[in-house]
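Trainee: Provided herewith is a single structure, encoded as structure tokens, for subsequent inquiry.
The values are calculated or read from the model by the stated rules, or taken from the named source; none is laboratory data. Keep in mind that what you see is a predicted model, and the values were worked out from it rather than measured. Virtual Cβ from ideal backbone geometry, glycine too; neighbours counted across all protein chains shown.
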Amino acid sequence: MTIAATLLLVVALTWLSCVDIREFRLPDIGTLLLVAVGILLSFARGGPNLAVAALVAAALGFVSLWIVAFIYHRYRGVNGLGLGDAKLLAAAGAWLGPWMLAPVVFIGAILGLCYALWLRTTGRRLSSETRIPFGPFLSASFLFLWCLHVAGLV
């Protein structure tokens with residue numbers, strides 16, 4: 001079951017990342033499917049209590065990035081973070097649990113900053129108007145931490 005779930009995760013995150021790079025959006029069909037699968041996996045591994053914990057972690061993931069997006073929009077008057085990113089973090093919460101939400105965001109942010117630095121060093125001018133999709137970096141972080149989780153390292 002773990003191998004099949006990991007393969008599904010790889011395919012879904014790859015597809016979501018490709019769409020986000022191309023269109024700057026994360027489709028609900030992918031993000032919400034991952035949330036549902038994460039909750040079902042939790043139920044299969046630990047019954048109703050673990051499924052409820054996965055549901056709570058998904059809600060925390062969504063709300064945490066929703067708050068960031070809300071504050072940014074309120075302050076700048078434009079969207080800076082889409083709700084697809086919040087739904088993707090909800091999926092990470094459902095798969096990994098609430099304690100892994102901060103590491104997923106932290107690693108994703110570091111990867112995003114490294115990408116921005118690479119763009120800058122290759123001559124691309126960056127400004128407050130530059131759009132960089134966050135989904136691929138969240139996806140990479142999510143998958144990395146899932147692999148560590150499966151290996152029993154986190």
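Trainee: Would you please list the contacts, defined by Cβ atoms under 9 Å and residues six or more apart or on different chains, that run from a residue in the stretch 7-27 that is in contact (Cβ under 8 Å) with a residue 60 or more places away in the chain to a residue that is of a type in the set (Asp, Glu) and in a helix (DSSP H, G or I)?
Mentor: Within 9 Å, the pairs are 20/85; 26/20; 26/85.
Trainee: Does residue 126 meet the test of being modelled with pLDDT under 95 and out of contact with any strand residue (DSSP E or B) (no Cβ under 6 Å at 6 or more places or on another chain)?
Mentor: So residue 126 fits the description; yes.
Trainee: Please verify whether the stretch 39-48 includes one or more residues that are surrounded by 14 or more Cβ atoms within 10 Å (Cβ to Cβ) and within 16 Å of the chain's Cα centre (by Cα).
Mentor: Taking every residue of the stretch 39-48 in turn, at least one turns out to be surrounded by 14 or more Cβ atoms within 10 Å (Cβ to Cβ) and within 16 Å of the chain's Cα centre (by Cα).
Trainee: Okay, next question. Show the residue pairs that are 6+ apart or on different chains and have beta-carbon atoms under 7 Å apart, the first residue being within the stretch 105-134 and over 19 Å from residue 24 (Cβ atoms), the second being in a loop (DSSP other than H, G, I, E, B).
Mentor: 120/126
Trainee: Restricting to the stretch 81-104, count the residues that are within 11 Å of residue 38 (Cβ to Cβ), in contact (Cβ under 8 Å) with a residue 60 or more places away in the chain and of a type in the set (Gly, Ala, Ser).
Mentor: The number of residues fulfilling the criteria is 2.
Trainee: Kindly indicate whether residue 30 is within 27 Å of residue 128 (Cα to Cα) and modelled with pLDDT of 95 or more.
Mentor: no
Trainee: Okay, next question. I want to confirm something. Restricting to the stretch 135-153 and keeping residues that are without any contact (Cβ under 8 Å) to a residue 40 or more places away in the chain and of a type in the set (Phe, Trp, Tyr), which single residue is surrounded by the most Cβ atoms within 10 Å (Cβ to Cβ)?
Mentor: So the residue we want is 137.
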